[in-house]
Amino acid sequence: MAGKASIVFAHGLWADGSCFNKLIPALQAEGHQVSASQHGLDSLEGDVACVTRSIDHVPGPVVLVGHSYGGTLITKAGTHDRVGALVYIAALAPDEDETSQGQQDKFARTPVFEHIDVADGRIWLLESGLGDFCGDLPEAEQKLVLATGAVPVPDLFTQQVPGTAWRTKPSWYIVANDDRTVNPDLERAAAERMGAKTYAVDSSHVPMLSHPGLVLDVIRDAAKAVEA
């Protein structure tokens, strides 16, 4: 495939597309078209459809980048015929017979789930959980993450739609060694299972905010692979 790869981002829970704001300007300056899916966390089917719309909106070969639950989304939406590579950031990556929750349940529960509130039909991250979600960011950035976070319906992680893109698409995986939201052991196992090119960083759950340079380099590597 010729030309610059486009980059499509998929956010997870308690974050929105703005969580990639340290990556997007650099990628745009390098000539990539970039789209950050702004899905509502209302249903897995709807969120996958939203990511797919972003894929359809950009040209050429596409690198899909998913953070956290966004990894589930790129696993499903990544079967799109123009997706050439998948980049997982501290992300879930359920197999065809797994749900997001089923993959998580195979590993120890993480501390962030002691700091959530189910209200108004949504699961909210409490301010007391910021340290477990993004504790290596400055306090002002942590508060910004909390203010802009998207909140899921309670059964989102038990929903299922078909598709396991990492079985047929080349994958890259960034393991966050200090993650207290997604278990780092899950991350390492997921990366190994998919045969991903794997990087590890001493980071909280949000390496795209705390270590953006590393994350950019991984995305660039994936883009070069699909542009070749």
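Quick look at the numbers
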| item | result |
| --- | --- |
| Simple label model, 7 Å out from Cα along Cβ direction - Glu127 to Asp105, nm | 3.5 |
| Residues in the stretch 146-180 that a label on Val118 would reach, taking backbone N under 18 Å of a point 7 Å out along Cα→Cβ | 151-160 |
| 222 nm mean residue ellipticity, helices alone, for the chain (DSSP H n ≥ 4; -39,500 (n - 2.57); rounded to 500) | -9500 deg cm²/dmol |
| Heavy-atom surface of the stretch 8-78, accessible at 1.4 Å and reported per residue (Å²) | 29 |
| Tilt relative to the chain, helix 44-57 - C-alpha long axis, 0 to 90 degrees, to 10 | 30 |
| Paramagnetic label zone (point 7 Å from Cα along Cα-to-C-beta, Glu141; backbone N under 17 Å) in the stretch 23-50 | 23-27 |
| If the convex hull is drawn through the Cα atoms of the stretch 92-219, its volume per residue in Å³ | 112 |
| Size of electric dipole in the chain: Cβ of Lys, Arg +1 and of Asp, Glu -1, about Cα centre, debye, nearest 20 | 760 |
| Label-point separation in nm, Ala29 to Thr158, each point 7 Å along Cα→Cβ | 4.7 |
| Computed FRET value (nearest 0.05) for Asn177 with Asp56, which takes r as the C-beta separation and R₀ as 22 Å | 0.05 |
| The stretch 109-187 - accessible surface per residue (Å², probe 1.4 Å) | 48 |
| Dipole magnitude of the stretch 58-152 about its Cα centre (Cβ charges: Lys, Arg +1; Asp, Glu -1), debye to nearest 20 | 260 |
| Angle in degrees between helix 139-148 and the longest Cα principal axis of the chain, rounded to the nearest 10 | 80 |
| The chain: Rg to Rh, with Rh as the Kirkwood radius over Cα pairs | 0.93 |
| Carbon/sulfur fraction of accessible area - the chain, other protein chains in place, 1.4 Å, % | 53 |
| Positive-end residue, the chain charge dipole about Cα centroid, Cβ charges, pick of Gly149, Thr198, Phe107 | Thr198 |
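The values are calculated or read from the model by the stated rules, or taken from the named source; none is laboratory data. These figures come from a predicted structure and were not determined experimentally. Heads up, the Cβs are rebuilt from the backbone with ideal geometry, glycines too, and the neighbour counts pull from every protein chain shown. The protein model used for the area step is the full one, side chains on, heavy atoms only, and it has no ligands, DNA or RNA in it. Shrake-Rupley method; radii C 1.70, N 1.55, O 1.52, S 1.80 Å.
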